[in-house]
Amino acid sequence: MPDVVLGIETSCDETAAAVMRNNALLSNVVYSQTIHSKYGGVVPELASRAHQKKIVRIVDSALDEACVKKRDITGIAVTSGPGLMGSLLVGLSFAQGLSLSLGVPCIGVNHLEAHIWAVALERKRLKPPFVSLLISGGHTQLIYVKGFGDYSTLGKTRDDACGEAFDKVAKLLGLGYPGGKFIDNLAKKGDSDFHRFPKLGPRGNNYDFSFSGIKTAVLYYLNSISEETKKEHISDICASFQMRVVEVLVDKTFRALKDTGCGKLVVAGGVAANSMLINNMKKRAKIDGVRFYYPSPVLCTDNAAMVANVGMKYLKKGISSNIGIEPKPLLSLKPTFLKGSTAKSKN
Ligand code: KG4
Ligand code: ZN
């Protein structure tokens, strides 16, 4: 009997569902909530209401696209954290209700773990160990992945997440939300040497990051120039900001690869969709003889395919969660979600 897993993701402002049959991804439907753009950031209460409105339709679309009926589902994977409490609750309640009514197991998936393995949906032969650079709107971490479920964090941000820096700078420039892709697109036409923003900290022999300083540097710089200069050089400003961020990401990541003696790199999370980052990582990987894996943009930003993928791995091992999975807004990468899970025999 093939395993058919429905994945559900509602941790922030994407309502997403996907279907996998064993190793094959059959559908991947993502609805990005637009209501937040006018506020320049995610409004938690609006996010959970929008999830509630959309979740039934999104799950139905994913099943239709996959040509799968509800009765064919053999397991459900749903993000249990980290994320917004109310948003997580919508996905978890829906998934657990469906799991009870169908009589199939449900597994709570760690969103960060799902991001790390997203690339494996396209690069089936990827094998650990590898170093993963996880860069999203809420997280920035360098992780040594020894095996599935075996992670050690080498470094992380001490303040803003990398995607948050993109979003805040985009807001200062009057671009839309989320701002990463707008900066990326404008930067393609810009000169990254136009303005030298200060080098990003923290200094020293560590793998930690800090992105709050560059946002302030951009703010001070914008206050020092006229509106005309800002308009005329917006692409150059985007390229200069982006270059500084990419430089620090490349430097620290390749130092971690060297220090751990690891020859494989995986990037993950929304910022991994950035074209300058991918180009610069590719160039450096070639020089250093590192194998570089990066997902397609649709698998970088939040999606349910990555949740189904990780859920499938656990369900195939006979691991599922007890009913009553609680949302864990601050869940870290340690596989703590296995606590309260039951290892049931598949037979
Ligand atoms: O992984 P993700 O969808 O959500 C979280 O788990 O946080 O990441 C969203 C972040 C946002 O900050 C967004 O601006 C950023 O990813 N992002 C990008 C690009 N596309 C999305 N940042 C830079 N360049 C991009 N092309
Ligand atoms: Zn994410």
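The values are calculated or read from the model by the stated rules, or taken from the named source; none is laboratory data. From a predicted model like this one, the values you see are computed outputs, not experimental measurements. Cβ sites come from the backbone with ideal geometry, for glycine too, and all protein chains shown count toward neighbours. Remember, those area values only see protein heavy atoms, side chains included, never the ligands or the DNA or RNA. Shrake-Rupley method; radii C 1.70, N 1.55, O 1.52, S 1.80 Å.
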Seminar exercise, completed: The alpha-carbon center of the range 200-221 and that of the range 250-269 are separated, in whole Å, by 20
Exercise. How big is the charge dipole of the range 119-247 about its Cα centre, in debye rounded to the nearest 20, if each Lys and Arg gets +1 on its Cβ and each Asp and Glu gets -1 on its Cβ?
Worked result: 500
Problem set entry | Per residue solvent-accessible surface (Å²) - the range 128-294, probe of 1.4 Å | 44
For this session: Return the loop-located trypsin sites (Lys or Arg not before Pro) in the range 140-169 (DSSP other than H, G, I, E, B) with at most 16 other Cβ atoms within 10 Å of their own Cβ; answer none if there are none.
Result: Arg158
Problem set entry | Cα-only radius of gyration and Dmax that characterise the chain, units Å | 20.3, 70
Exercise. Projected onto the charge dipole of the chain (+1 at Lys/Arg Cβ, -1 at Asp/Glu Cβ, origin at the Cα centre), which of Leu315, His195, Ser27 gives the Cα projection farthest towards the positive end?
Worked result: Leu315
For this session: Report the antiparallel proportion of the DSSP beta bridges in the chain as a percent, rounded to a multiple of 5.
Result: 65
Problem set entry | Point-charge dipole on Cβ atoms (K/R +1, D/E -1) for the range 165-303, about Cα centre, debye to 20 | 420
Problem set entry | Set of lysines near Lys188 by C-alpha distance (under 25 Å), chain-local residues within fewer than 8 positions excluded | Lys168, Lys171, Lys199, Lys215, Lys230, Lys231, Lys252, Lys282, Lys283, Lys286
Problem set entry | Ile225/Lys189 FRET efficiency (R0 22 Å; Cβ-Cβ; nearest 0.05) | 0.75
For this session: Roll a 1.4 angstrom probe over the protein heavy atoms and tell me the percent of accessible area of the chain that is carbon or sulfur.
Result: 53
Exercise. Under 16 Å from the Cα of Lys124, which lysines turn up, not counting those fewer than eight places away in the same chain?
Worked result: Lys264, Lys313
Problem set entry | More than 26 angstrom apart: percent of Cα pairs within the range 128-294 | 26
Exercise. Just how much of Cys106 is accessible, in Å², when a 1.4 Å probe is used and the result is rounded to the nearest 10?
Worked result: 10
Exercise. Given a cut-off of under 8 Å on Cα pairs at least six residues apart, what relative contact order in percent is computed for the range 128-294?
Worked result: 28
For this session: Compute the length gained on full extension between Glu326 and Val298: take 0.36 nm times their separation in residues and subtract their Cα-Cα distance, giving the result in nm to one decimal.
Result: 7.3 nm
Exercise. Expressed as an acute angle from 0 to 90° and rounded to the nearest 10, what is the orientation of the C-alpha long axis of helix 162-172 relative to the principal long axis of the chain?
Worked result: 60
Problem set entry | Unit charges at the beta carbon, dipole of the range 128-294: most positive-side option, Gly176, Ala268, Ile214 | Ala268
Problem set entry | Cβ charges +1 (Lys, Arg) and -1 (Asp, Glu), total dipole of the chain, debye | 1040
Problem set entry | Which of Tyr221, Tyr31 is most accessible, then next, and so on - probe 1.4 Å | Tyr31, Tyr221
